[in-house]
Amino acid sequence: MKYLCSFLVSIFLFSCSKKPTGADLIIRGGKIYTANDSQTEVEAVAVKGDKIIFTGRESDAEKFKNDQTKVIDLQGKTMTPGFIEGHGHLLGLGFQELTLNLADTKSYDELVERVKDAVAKSKRGDWIIGRGWHQDRWEKKPQKLIKGFQTHEMLSLISPDNPVYLTHASGHAAFANGKAMEIAGVNQLSKEKLQKDLGEGGEIIRDPLGNPTGIFVEHAQSIVSKFIPASSTETLSKAYELAMNACLRNGITSFHDAGISRDNLLLLKRFKKENKLKVRLYEMLSGSDKSLVSEYFKNGIEVDSAHWLTIRSVKLYSDGALGSRGAWLLSPYSDRMETSGMPLMSMDSVLKMSREGLRAGFQICTHAIGDRANREILDRYEIAFKENPEQAKDVRFRIEHAQHIDPLDIPRFASLGVIPAMQAIHLSSDRPWAIDRLGEKRIKESAYMWQSLLKSGARIVNGTDVPVEPINPIACFFASVTRQTLKGEPVGGYEPDEKMTRAQALKSYTLDAAFGAFEENIKGSIAVGKLADFTIFSQDLMTVPDDKILSTEVMMTIVGGKILYERK
């Protein structure tokens, strides 16, 4: 017995003296916010491979250091969990770098000049493609407006031989010149034929004489866009590479990609196989590709064990956007009383997809901006949940945008377990003109209702909807906590009771965003065992004055323990 006790004591002393596993990376020397409620800050983090093996005091982190350990001294800078873009369009981000980016145009005249320059650099007959214009953000409005939009004459004059197709910032409308409409067969005489082909869910805006103005809303965009030559695999690959680099420059380590086609998904799978993915992707299958969705519903979800490319959700569109007056409202638009917007798919189809998604174990993510669209989608989700109570446990169906919600429907998100994936930056860009669409009462009581949703128990997934807005998460964080435009207006913010706290805003970009993709156990906070994805900022987002937030810069982006971006 004496020898047995001595043996056990020896084992205990040996185990106590054994050094911890050596770390590949130790980060220390600044503020480190974990996004964990139990321990919101730590002094140091140690990483082995692509996982976190220690969080805590800087002195204790020394135990994990050896000759091969790389040490990053933050030098007073701030580190958070890697930021997650909760709703964006990755390929759109890439093409924003390859085509005309019109997001910063301040007038129709400036848009025309940008196109004129592009025409001068192009061959005759080449398509001129661009995106980002928004008539309500222009500082100078054109003299001629039809239903709130510019007309094509100036655009057609400077580009008579090159078809031009410019997508609205929202993606829910497009602007074409005369040459593009000629190729598509759009003219005064084609009105009845095209309307028959179009059906519901779209509009070709025309002047009082029936002439097309060049504006195509919602489904009508395809009348022209189908004539644009398809991009080559080489161009698509370049766009994806540019998009991922843009993510890294902006501190984005994961990206919820809202709607992908079969061909693009195959390309991303090839990227993964060739170790070319730099950002972790959560892909939503495009609901418009029925065969693709049916195939995945039959074969099941694909959860990547390496956490680079996961497919377990489907993206649907129930309505359009406020900017194009395509968002589906319970009451008419305040600035166009003849319309309340429109549904872009039947609610029977939403219900059918919800039922099938539940049975197949897939998350359904439905675009809904208007208050009627949000109510209709919540109604369909609720029916599907009640019909399939076993499959409906922790399914985390989402509503993408949830921008305008009737007060009666706000508590339904939490009670149904539906996640509002909202983009706070939309308030900064849209609130100054959105009041014209909705009127004062509706915009104050039912638009951008972040704090009301959070208090009801919902978890918000934040993001930018890039390329609708720039992917910059710092601007979105600023909007979340100030409810101001990026010019700092108005003082105190719009409807200040709906601001997020800084802790809530951080979680909406990290832990709650991970929750929205069923990934809260592997990412979204700084904790032992989780992926070593971090974003390092030049200053403390959690404490700097509001008017200093926008001067913050991303200094470093770490994915899986590797530095993939560093500001020089």
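In this structure, does THR510 turn out to be under 27 Å from LEU285 (Cβ atoms), of a type in the set (Val, Ile, Thr) and buried (at least 23 other Cβ atoms within 10 Å of the Cβ)?
Values: under 27 Å from LEU285 (Cβ atoms): yes; of a type in the set (Val, Ile, Thr): yes; buried (at least 23 other Cβ atoms within 10 Å of the Cβ): yes.
Criteria met by THR510.
Is it fair to say PHE95 is among the aromatic types (Phe, Trp, Tyr), outside the structural domain of ALA421 (by TED's automatic domain parsing) and within 22 Å of the chain's Cα centre (by Cα)? So that I can check it myself, show each step before the final result.
On the way: among the aromatic types (Phe, Trp, Tyr): yes; outside the structural domain of ALA421 (by TED's automatic domain parsing): yes; within 22 Å of the chain's Cα centre (by Cα): yes.
Considered against the rule, which asks whether it is among the aromatic types (Phe, Trp, Tyr), outside the structural domain of ALA421 (by TED's automatic domain parsing) and within 22 Å of the chain's Cα centre (by Cα), PHE95 comes out as yes.
Of everything in segment 455-481, what is over 28 Å from GLY417 (Cβ atoms), of a type in the set (A, V, I, L, M) and more than 11 Å from the chain's Cα centre (by Cα)? Give them in sequence order.
Pass one, segment 455-481, residues over 28 Å from GLY417 (Cβ atoms): 467, 470-472, 474-475, 478.
Filter again for of a type in the set (A, V, I, L, M), leaving 471, 474-475.
Scanning segment 455-481 gives ILE474, ALA475.
Residue by residue through segment 333-350, note down the ones that are surrounded by 14 or more Cβ atoms within 10 Å (Cβ to Cβ) and not in a loop (DSSP other than H, G, I, E, B).
TYR333, ARG336, PRO343, MET347, SER349, VAL350
Give me the pairs: first residue in segment 523-543 and farther than 19 Å from GLU85 by Cβ and not assigned by TED's automatic domain parsing to the domain that holds ILE563, second residue charged (D, E, K, R) and not in a loop (DSSP other than H, G, I, E, B), beta-carbon distance under 6 Å, and six or more apart or on different chains, which are they?
Note: no pairs meet the criteria.
What tally of residues in segment 448-470 results from selecting those that are of a type outside the set (S, T, N, Q), touching a His at 6+ places or on another chain (Cβ under 9 Å) and under 17 Å from SER170 (Cα atoms)?
Here the count works out to 7.
Which pairs have Cβ atoms under 7 Å, sit 6 or more apart or on different chains, and link a residue in segment 321-339 that is on the phi > 0 side of the Ramachandran plot to one that is part of a loop (DSSP other than H, G, I, E, B) and buried (at least 24 other Cβ atoms within 10 Å of the Cβ)?
ARG325/GLY341
So that you can scan it fast, the table gives a plain yes or no per residue for (1) part of a loop (DSSP other than H, G, I, E, B); (2) touching a strand residue (DSSP E or B) at 6+ places or on another chain (Cβ under 7 Å):
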{"position": "ALA373", "(1), (2)": "no, yes"}
{"position": "PRO389", "(1), (2)": "yes, no"}
{"position": "VAL395", "(1), (2)": "yes, yes"}
{"position": "ALA414", "(1), (2)": "no, no"}
{"position": "TRP433", "(1), (2)": "no, no"}
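So that you can scan it fast, the table gives a plain yes or no per residue for (1) in contact (Cβ under 8 Å) with a residue 12 or more places away in the chain; (2) under 23 Å from the mean Cα position of the chain (by Cα):
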| site | (1), (2) |
| --- | --- |
| ILE205 | yes, no |
| GLU218 | yes, yes |
| LEU266 | no, yes |
| GLU295 | no, no |
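Out of (1) closer than 16 Å to ASP136 by Cα; (2) surrounded by fewer than 24 Cβ atoms within 10 Å (Cβ to Cβ); (3) in the same structural domain as PHE413 (by TED's automatic domain parsing), what's the single condition that is false for ARG437?
(2)
The values are calculated or read from the model by the stated rules, or taken from the named source; none is laboratory data. Please read all numbers here as calculations on a predicted model, not as lab measurements. In this analysis, Cβ positions are derived from the backbone assuming ideal geometry, glycine residues included, and neighbour counts consider all displayed protein chains.
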